[in-house]
1. Against the definition (in contact with a helix residue (DSSP H, G or I) (Cβ under 6 Å, 6 or more places away or on another chain) and not in a loop (DSSP other than H, G, I, E, B)), how does Leu137 come out, yes or no?
2. For the range 43-83, which residues satisfy the criterion of being in contact with a Lys or Arg (Cβ under 8 Å, 6 or more places away or on another chain) and aliphatic (A, V, I, L, M)?
3. Tally time: how many residues in the range 67-83 are in contact (Cβ under 8 Å) with a residue 24 or more places away in the chain and over 18 Å from the mean Cα position of the chain (by Cα)?
4. Report yes if some residue within the range 178-195 is among the acidic types (Asp, Glu), more than 22 Å from Asp76 (Cα to Cα), surrounded by fewer than 22 Cβ atoms within 10 Å (Cβ to Cβ) and touching a residue at least 12 places away in the same chain (Cβ under 8 Å); otherwise report no.
5. How many residues does the range 92-125 contain that are open to solvent by 60 Å² or more (accessible area, probe 1.4 Å) and over 21 Å from Ser147 (Cα atoms)?
6. Condition first: over 16 Å from Gly120 (Cα atoms) and open to solvent by 30 Å² or more (accessible area, probe 1.4 Å). Now tell me which residues in the range 157-166 satisfy that.
Amino acid sequence: NDLAHGDGGYREYDIAPEYLSRIVSDVKLTRPMKIIIDCGNGVPGAFAPKLYRDMGCQVEELFCEVDGNFPNHHPDPSKPENLEDVIHALKAGDAEIGLAFDGDGDRLVMVDHLGRLVDGDQLMYVVARDRQAHGELKGPVVGTVMSNLGLEHALKAEGIAFLRAAVGDRYVLAMLRENGGVLGGETSGHLLCLDRTTTGDGLVSALQVLAAMKQ
């Protein structure tokens, strides 16, 4: 096989400084916050603690050491049993928000200070209202056939168009692009903010929610 021979090259490039710098320069929080982040030993742990501290947050870390054996709990925040640690930490301390990420960092679930789960549909509504208030919401918001009917009614009550794609963030992404939209997502915690990133990034999506929290 000719492809198995010849000269090649290999080099390492650390994307973290540019990645973090771009996000910090693009998003502004209205006030400092005390938050808990549970990375479930997934890859978000390599970036999330520094990112949120750079944004001015006081951060309590849970399982931010990247470990593919996942020694503490499975990194799927859509399952309530994987949120027990962040809920306990919220009830035991004075943080106002908990953020739990999945293993590859494209999904998140938020937990409020009372330990109540805030799913992807609710997060999408919070961001949609904030974007609309700032004149930044373009096109329809896109959910899926699994999105809560209450989300659709709540958005329409605010004068925001809502479309449903097939289940899967790639279908949401395609429908957003077809219709000129910038915000979409799934109940499971995918939140696509195409005016901030070109695809799903749970760390960036969480910041959109934090930026919408005024009080």
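The values are calculated or read from the model by the stated rules, or taken from the named source; none is laboratory data. Note that this is a predicted model, so its numbers are computed, not measured. Because the Cβ atoms are built from the backbone with ideal geometry, glycine has one as well, and the counts that use them run over all protein chains shown. Heavy atoms of the whole protein, side chains included, go into the accessibility calculation; ligands, DNA and RNA do not. Shrake-Rupley method; radii C 1.70, N 1.55, O 1.52, S 1.80 Å.
1. Against the criterion (in contact with a helix residue (DSSP H, G or I) (Cβ under 6 Å, 6 or more places away or on another chain) and not in a loop (DSSP other than H, G, I, E, B)), Leu137 does not qualify.
2. Across the range 43-83, the qualifying residue is only Val59.
3. Selection size over the range 67-83: 7.
4. Checked against the condition, which is being among the acidic types (Asp, Glu), more than 22 Å from Asp76 (Cα to Cα), surrounded by fewer than 22 Cβ atoms within 10 Å (Cβ to Cβ) and touching a residue at least 12 places away in the same chain (Cβ under 8 Å), the range 178-195 yields at least one hit.
5. Matching residues across the range 92-125 total 5.
6. The answer is Ala157, Glu158, Gly159, Ala161.
Yes/no per residue for (1) touching a Lys or Arg at 6+ places or on another chain (Cβ under 8 Å); (2) free of Cβ contacts under 8 Å to residues at least 24 places away in the same chain; (3) open to solvent by 40 Å² or more (accessible area, probe 1.4 Å); (4) on the phi > 0 side of the Ramachandran plot:
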site	(1), (2), (3), (4)
Leu90	no, no, no, no
Val127	no, no, no, no
Ala133	no, yes, yes, no
Gly139	no, no, yes, yes
Leu149	no, yes, yes, no
Leu155	no, no, no, no
